[in-house]
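*Asks:* I'd like to ask some things about the structure below.
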Amino acid sequence: MVDLAVDIGALRLKNPIMPASGTFSEDLADVFDLECLGAHVTKTITRGWRDGNPTPRVCEVSGSMLNSIGIPSKGIGYFIEKTIPFYRRYQTPLVVSISGNTADEFATLCSEVSVDGVDAIEVNISCPNIEEDGKAFAIRASSTYDVMCKLRKATSLPLWAKLTPNTGETPEVARAAEEGGADALVVANTLLAMAIDIRTRKPKLGNLMGGLSGPSLKPIALRMAYQCAKAAKIPVIGCGGISTAEDVLEFLIAGASAVQVGTATFINPTVMPAIIADLQSYLERENIASVRDLVGTVIDDEQKAGVVFMETAP
Amino acid sequence: MVDLAVDIGALRLKNPIMPASGTFSEDLADVFDLECLGAHVTKTITRGWRDGNPTPRVCEVSGSMLNSIGIPSKGIGYFIEKTIPFYRRYQTPLVVSISGNTADEFATLCSEVSVDGVDAIEVNISCPNIEEDGKAFAIRASSTYDVMCKLRKATSLPLWAKLTPNTGETPEVARAAEEGGADALVVANTLLAMAIDIRTRKPKLGNLMGGLSGPSLKPIALRMAYQCAKAAKIPVIGCGGISTAEDVLEFLIAGASAVQVGTATFINPTVMPAIIADLQSYLERENIASVRDLVGTVIDDEQKAGVVFMETAP
Amino acid sequence: MLHAERTIPQIPSVFERDLPVVSNDPVNGEYMRLVLRAPADLLEQCRAGQFFHLLCPAIGGETPYLRRPMSIYGFYPEREELHFLYKVTGEGTRALFHLGPGDSLNVLGPLGQGFRIEADWQRLVLVARGVGLATLAPLALEAQRLGRSLTAICSARNPEVLMSTDYFRDLGANVITVTDSEGTAGVDNIERIIEGLVADRGVDAFYTCGSNRLLRLLQALGERHGIPGEIALEQQMACGLGMCHCCVRPFRKNERLVNLRVCREGPVFDMQEAMPW
Amino acid sequence: MLHAERTIPQIPSVFERDLPVVSNDPVNGEYMRLVLRAPADLLEQCRAGQFFHLLCPAIGGETPYLRRPMSIYGFYPEREELHFLYKVTGEGTRALFHLGPGDSLNVLGPLGQGFRIEADWQRLVLVARGVGLATLAPLALEAQRLGRSLTAICSARNPEVLMSTDYFRDLGANVITVTDSEGTAGVDNIERIIEGLVADRGVDAFYTCGSNRLLRLLQALGERHGIPGEIALEQQMACGLGMCHCCVRPFRKNERLVNLRVCREGPVFDMQEAMPW
Ligand SMILES: Cc1cc2nc3c(=O)[nH]c(=O)nc-3n(C[C@H](O)[C@H](O)[C@H](O)COP(=O)(O)OP(=O)(O)OC[C@H]3O[C@@H](n4cnc5c(N)ncnc54)[C@H](O)[C@@H]3O)c2cc1C
Ligand SMILES: Cc1cc2nc3c(=O)[nH]c(=O)nc-3n(C[C@H](O)[C@H](O)[C@H](O)COP(=O)(O)OP(=O)(O)OC[C@H]3O[C@@H](n4cnc5c(N)ncnc54)[C@H](O)[C@@H]3O)c2cc1C
Ligand SMILES: Cc1cc2nc3c(=O)[nH]c(=O)nc-3n(C[C@H](O)[C@H](O)[C@H](O)COP(=O)(O)O)c2cc1C
Ligand SMILES: Cc1cc2nc3c(=O)[nH]c(=O)nc-3n(C[C@H](O)[C@H](O)[C@H](O)COP(=O)(O)O)c2cc1C
Ligand code: FES
Ligand code: FES
């Protein structure tokens, strides 16, 4: 028997496959038994009620999608009363994604959500920090470090920091998150993008811009996962465009300890159990005892020295 | 007759379609008459000889490609003796793309290349600045401003600043380029990405990482073109994933005054003349007198106020 | 009145399956009927008003990415057939158009909440136009099974593109046709027709879908005569299951506007709570 | 000696065309021959050793993005046919495999520099293995047209998968077959065979492609006997035209290593300048 279990800090997951925040909910239990997953990750919540963004909230772009859902949230009360109890019926660890517009509100929510039944907190620091210039916390190392320190003080649960691809400073941000107290890095959230309907000349999203997710994001997220695994010592959880077991292997080899599957579930709702089965077969076929033996096995010695002048950098 | 001409500052182009640097050369004259293009844009050169990066230099990713060519360059001497004279046979304006590892070397090249036969200089500031931390000049507003000021002093030709998508500060960088003296913004270069061969566990590019181009880049480049058109007053030249006249219209409506076509030419070498023909038919069909009437006509009044809290920011 | 919050079953109730194409033929100039072979256990889960989320194939140069929602036009467990009626509008439906016998199509469903027919709703009236018929047609089947009387007001641009009138008649419905070309499809005329029905034999419930004009009319008629109604609504979808919250629309509920998911709380909603758009 | 720098013509010389598929049939267990209908003016531009850049279609679930380079296996202006011989290895060639009569394929070409046959090269020897035959086969046609004598040493895993031997014989070539299964395909044996040819009737030029082992052998034999040679090389390509510089390989030129583009300065290069890899 091959071993699919992975460790994210002190938390052991029975396999490295979990859903990405915002692309998963209780509703998926209509399609397959959610107990098969490595972890359950809930949609980002905010402390208070939020309506979310105007529609249309999604649109299609070449082989991928944009979304600007805008975090509709029923608030912390509803979440503790309704959502957490739902997931209690499963053995699978529950990871709760939270966000806030200011570091203090964020930290308050972090402590409020540190309740029984929650195994880790994913902090979505890819959201705007309205106390500075409205840029996401995770765009700069300094704001990442500051917010992570506050969040770290607010809970004793494992903290997973979810990074944004909308930055030119991925390694610095990764190190800042680690130094600020993150137990793992989730790499990455969606990339800011836009589409316009040439007939109506209106943006295809009600919110003007939105986040790119799906296959187009994969090579970018993979690069970030690799950069983060090199820059930080804490585990990296890859996320972005993953839709097959081969994609998962690519992230594991690059240095990720586990992965999240997002948009692919919209196209094929049973993709996560399918990936888990394929991963198992792959390990068996290749005689690899544990999925952990794959992590970070990328052969990059020759190339590391070779990263030189390019058309585009870094 | 509809009018396809556009103005990039003082430079009038007969149509808004030109090639992207590095995806075009004299060799394309084997396939169609290059005189039909709005401008000719040469591959980035450096002052001295450069071999370029190790192979493989390209790889395929879902519906797009990565490259790490590494700017092989025969240097300024060869360029002035061989390349510029080739393009003299055409009426079409010649835009020369240059780059440098330090602001001073960059500026020297900029003045050396300001010769007869050159109509504008595209400065590829998406390349690493080795005097700071090796990050591209165009990742930060401050380094963008500094290098643009030096380049501005080095030439009286129009200066087009080519921006990078590897930043979280697109509007700031756009403004810095404008303040530093740019006459236009080319938006954008490739996005840093990676792919791994799961069989060999080696990166698919000899240089470990490379730049994403092609359709996957389009919604990102479009967002940047829109941001730049809002942030700066100088013309924006859109670039990224353009492969049809509809894509061109999307960029024009978003605020670009012209566009560059890159990777699409690899897939379909006659795509640029085809786009020009399609654009002409579109204007005729829609009764639009001039392509300039389309620029910046995106209907974003409602949405501008709506850009609020998102899963991901800015 | 909104549907009660659903309790989530422990046993999967939504199927994700490749189904063989039986046929895919034009119904008139504008619409296509797609017939799939489906197992009886799947078809027995279906209800009028529910939909499937179709993974349109990458054929004919089309590359749709997201699934496309499509109402159940007919479901026949005895014949093992699942029917859709669709209009070719964009990339996804153009791809569907290329399907033929020998191909298969991946479907996800049945999804969403179907039409309610309360025990005391004996005299039903549906008002349908265009592709809205696809959604409302199976209601006729269900009305017949339940022994309710149904009047179907079918609207179209001209008599040639009127669809499903025979289908409704065969199921014992009273069919009234109105068309633009004959000048009978205006809101005023439909109002006159319905007022006639109310005065004549009485109406217990209205059903419609899609059109803003018809929604306003039926909301007014419903309020005027205290007649309840249901409307099937559309919204762009990604997951189709309730996870992504992209498909919301606003509804009036206890003096407040709340966003509800068309894929989960809908696509069928209480007509008075729906907001014209 | 490298090819002289090409002057770039003002008149387009490279075609980008959709060509109808005539046939696409297996040659043996591993290879497929694809025959396209092509206009004579295009075929008349072709030279042995040149290639086309194929836009493999998105069929059968494959979604190749970049074009794929493929040597000209045969070009027959009289019959209006363009032939390719390919091995199914990945996404692009798997997509090619799905093509059949009625389909068409977009090709770009002819591209690159073909084989030189200098006026005083009378006795030619080619050494080919596997898919290398695709590249070297049209050389036999050209040799016959020019009235040169040709010896084709054909190597394969076993006699069953030897290809094109009849093709070479029909063109009057002297065919020598060597195979792994018979233990005759080793470098030592090929060296013995060629030394025999040199001693016996003399050799004026070598041609080969692809294999590192054969390159080293022929470089040694060439130096030993002062016999020139040419080699066709492969490298991953994007544009195929010379614009992107992704397809470079290093060559020894005046004591220096220079990068040359396989698509433009090649794919055929001087054998002594080529670098084993
Ligand atoms: C619950 C429901 C039931 C439906 N039933 C039917 C039916 O039975 N017959 C039928 O012909 N159509 C029906 N529609 C509309 C159908 O989903 C769209 O026509 C179809 O998605 C268009 O896809 P496209 O790629 O051809 O068009 P495009 O315009 O290229 O689609 C682009 C995107 O917009 C979405 N979209 C476009 N129009 C609609 C729409 N009206 N509603 C929701 N999303 C849309 C597409 O799904 C896709 O994501 C239904 C919609 C919903 C929500
Ligand atoms: C000048 C030239 C002539 C060729 N002639 C023939 C021929 O006549 N018959 C034949 O079967 N093959 C030939 N090849 C090799 C052929 O191009 C590859 O087998 C083909 O590109 C593989 O594509 P794929 O998608 O099936 O494989 P994949 O491995 O999925 O391809 C992935 C990428 O790598 C590239 N690639 C993979 N292998 C090669 C290779 N050997 N050379 C260059 N690029 C490669 C592909 O083009 C693609 O971009 C030739 C190559 C060159 C450069
Ligand atoms: C519809 C949608 C909603 C999302 N909502 C959230 C969210 O609430 N919080 C968050 O951290 N990420 C959110 N994401 C981002 C995903 O979790 C994931 O990081 C991203 O989609 C990239 O992965 P993918 O390509 O596999 O989808 C959302 C993505 C989508 C498509
Ligand atoms: C093979 C290749 C080489 C490139 N070389 C350069 C270059 O030398 N200088 C530059 O500014 N951009 C270079 N680029 C980037 C393109 O000019 C363009 O910005 C990018 O590819 C996005 O456009 P596209 O998606 O249309 O290709 C290169 C791109 C490719 C694919
Ligand atoms: S489509 Fe995802 S919630 Fe309705
Ligand atoms: S493939 Fe582009 S230069 Fe050779």
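*Asks:* Out of (1) over 20 Å from the mean Cα position of the chain (by Cα); (2) within 16 Å of ligand 4 (Cβ to nearest atom), what's the single condition that is false for D:ILE194?
*Replies:* With respect to (1) over 20 Å from the mean Cα position of the chain (by Cα); (2) within 16 Å of ligand 4 (Cβ to nearest atom), D:ILE194 is out only on (2).
One line per residue, one yes/no per condition, for (1) within 17 Å of the chain's Cα centre (by Cα); (2) more than 16 Å from ligand 6 (Cβ to nearest atom):
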position: B:GLY70; (1), (2): yes, no
position: B:SER73; (1), (2): no, no
position: B:GLU81; (1), (2): no, yes
position: B:PHE86; (1), (2): no, yes
position: B:THR92; (1), (2): no, yes
position: B:VAL95; (1), (2): yes, yes
position: B:ASN101; (1), (2): no, yes
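*Asks:* Hey, does region A:60-79 have a residue that's over 21 Å from A:ALA264 (Cβ atoms), more than 10 Å from every other protein chain (Cβ to nearest Cβ), in a loop (DSSP other than H, G, I, E, B) and at pLDDT below 95?
*Replies:* Scanning region A:60-79, I find at least one residue that is over 21 Å from A:ALA264 (Cβ atoms), more than 10 Å from every other protein chain (Cβ to nearest Cβ), in a loop (DSSP other than H, G, I, E, B) and at pLDDT below 95, so the answer is yes.
*Asks:* In a helix (DSSP H, G or I) and open to solvent by 10 Å² or more (accessible area, probe 1.4 Å): which single residue out of C:ASP41, C:ASP25 fits that description?
*Replies:* Result: C:ASP41 is the single residue among C:ASP41, C:ASP25 that is in a helix (DSSP H, G or I) and open to solvent by 10 Å² or more (accessible area, probe 1.4 Å).
*Asks:* Do we find that D:ASP18 is assigned to a helix (DSSP H, G or I) and open to solvent by 10 Å² or more (accessible area, probe 1.4 Å) in this structure?
*Replies:* no
*Asks:* Same structure, new question: Within the bounds of region C:61-70, is there any residue that is assigned to a loop (DSSP other than H, G, I, E, B), touching a residue at least 60 places away in the same chain (Cβ under 8 Å) and within 14 Å of chain A (Cβ to nearest Cβ)?
*Replies:* yes
*Asks:* Contact list please: Cβ distance under 7 Å, first residue in region A:229-245 and over 15 Å from A:THR164 (Cβ atoms), second residue among the aromatic types (Phe, Trp, Tyr) and away from ligand 3 (no atom under 16 Å from the Cβ), pairs at least six apart or on different chains.
*Replies:* A:ALA245/A:TYR282
*Asks:* Can you tell me which condition A:ARG285 does not meet? The list is (1) open to solvent by 40 Å² or more (accessible area, probe 1.4 Å); (2) more than 23 Å from C:ARG67 (Cα to Cα); (3) facing chain B (nearest Cβ under 10 Å), and all the others hold.
*Replies:* Unmet condition: (3).
*Asks:* From B:VAL187, B:VAL173, B:VAL147, which residue is within 16 Å of the chain's Cα centre (by Cα) and in contact (Cβ under 8 Å) with a residue 40 or more places away in the chain?
*Replies:* Sole residue among the options that is within 16 Å of the chain's Cα centre (by Cα) and in contact (Cβ under 8 Å) with a residue 40 or more places away in the chain: B:VAL187.
*Asks:* Name the residues in region B:98-109 that are surrounded by fewer than 24 Cβ atoms within 10 Å (Cβ to Cβ) and either in a strand (DSSP E or B) or not polar (S, T, N, Q) (or both), would you?
*Replies:* Matches in region B:98-109: B:ALA103, B:ASP104, B:GLU105, B:ALA107.
*Asks:* Return the residues of region C:254-266 that are under 15 Å from the mean Cα position of the chain (by Cα) and at pLDDT below 95; say none if nothing qualifies.
*Replies:* Correct list: C:GLY266 only.
*Asks:* Tally time: how many residues in region D:212-264 are touching a residue at least 60 places away in the same chain (Cβ under 8 Å), crowded, with 20+ Cβ neighbours inside 10 Å, over 15 Å from D:GLY132 (Cβ atoms) and out of contact with any Lys or Arg (no Cβ under 9 Å at 6 or more places or on another chain)?
*Replies:* Of the residues in that region, 2 qualify.
*Asks:* Next question. Would you check if there is a residue in region A:203-217 being in contact with a strand residue (DSSP E or B) (Cβ under 7 Å, 6 or more places away or on another chain) and over 30 Å from C:MET237 (Cα atoms)?
*Replies:* The answer is no; no qualifying residue exists.
*Asks:* Hey, another quick one. For D:PHE269, all conditions in the list (1) over 18 Å from the mean Cα position of the chain (by Cα); (2) within 13 Å of ligand 2 (Cβ to nearest atom); (3) more than 14 Å from chain B (Cβ to nearest Cβ) hold save one; what is the number of the exception?
*Replies:* (1)
*Asks:* Which of the residues that make up region B:237-254 are within 11 Å of chain A (Cβ to nearest Cβ) and open to solvent by less than 10 Å² (accessible area, probe 1.4 Å)?
*Replies:* B:GLY240, B:ALA245, B:VAL248, B:LEU249, B:PHE251, B:LEU252, B:ILE253, B:ALA254
*Asks:* What are the residues in region B:207-231 that are under 30 Å from A:GLU286 (Cα atoms), open to solvent by less than 10 Å² (accessible area, probe 1.4 Å) and either of a type in the set (Asp, Glu) or at the interface with another protein chain (Cβ under 7 Å from one of its Cβ atoms) (or both), if any?
*Replies:* B:ASN207, B:LEU208
*Asks:* Sticking with this one: In region D:232-277, what count of residues is obtained for those that are in contact with a Phe, Trp or Tyr (Cβ under 9 Å, 6 or more places away or on another chain), more than 20 Å from D:ARG213 (Cβ to Cβ) and assigned to a strand (DSSP E or B)?
*Replies:* 4
*Asks:* Something else now. Going through region B:180-199 one residue at a time, which ones are facing another protein chain (nearest Cβ under 7 Å) and β-branched (Val, Ile, Thr)?
*Replies:* B:THR190, B:ILE196, B:ILE198
*Asks:* On the given criteria, is C:TYR73 touching a Phe, Trp or Tyr at 6+ places or on another chain (Cβ under 6 Å) and under 25 Å from C:GLY210 (Cβ atoms)?
*Replies:* Answer is yes for this residue.
*Asks:* Identify, from the list D:VAL127, D:VAL88, the residue that is of a type in the set (A, V, I, L, M), more than 19 Å from D:LEU233 (Cβ to Cβ) and either touching a helix residue (DSSP H, G or I) at 6+ places or on another chain (Cβ under 8 Å) or free of Cβ contacts under 8 Å to residues at least 12 places away in the same chain (or both).
*Replies:* Within the list D:VAL127, D:VAL88, the selection yields D:VAL88.
*Asks:* Just to check your reading of the model, which residue among C:THR151, C:THR135, C:THR177 is part of a helix (DSSP H, G or I), among the polar types (S, T, N, Q) and either open to solvent by less than 30 Å² (accessible area, probe 1.4 Å) or touching a helix residue (DSSP H, G or I) at 6+ places or on another chain (Cβ under 7 Å) (or both)?
*Replies:* Step by step, each of C:THR151, C:THR135, C:THR177 is checked, and only C:THR135 is part of a helix (DSSP H, G or I), among the polar types (S, T, N, Q) and either open to solvent by less than 30 Å² (accessible area, probe 1.4 Å) or touching a helix residue (DSSP H, G or I) at 6+ places or on another chain (Cβ under 7 Å) (or both).
*Asks:* Can I ask one more? Can you work out which of the residues in region C:91-105 that are open to solvent by 20 Å² or more (accessible area, probe 1.4 Å) and touching a residue at least 60 places away in the same chain (Cβ under 8 Å) is farthest from ligand 2 (Cβ to nearest atom)?
*Replies:* Ranking the candidates gives C:PRO101 first.
*Asks:* Then there's this: Please work out if B:ASP133 is within 11 Å of chain A (Cβ to nearest Cβ), closer than 30 Å to D:ARG68 by Cα and open to solvent by 30 Å² or more (accessible area, probe 1.4 Å).
*Replies:* Here the answer is no, as B:ASP133 does not meet what is asked.
The values are calculated or read from the model by the stated rules, or taken from the named source; none is laboratory data. These figures come from a predicted structure and were not determined experimentally. Don't worry about glycine lacking a Cβ; one is built from the backbone with ideal geometry, like all the others, and counts go over all protein chains shown. These accessible areas exclude ligands, DNA and RNA; they are computed on the full protein's heavy atoms, side chains included. Shrake-Rupley method; radii C 1.70, N 1.55, O 1.52, S 1.80 Å.
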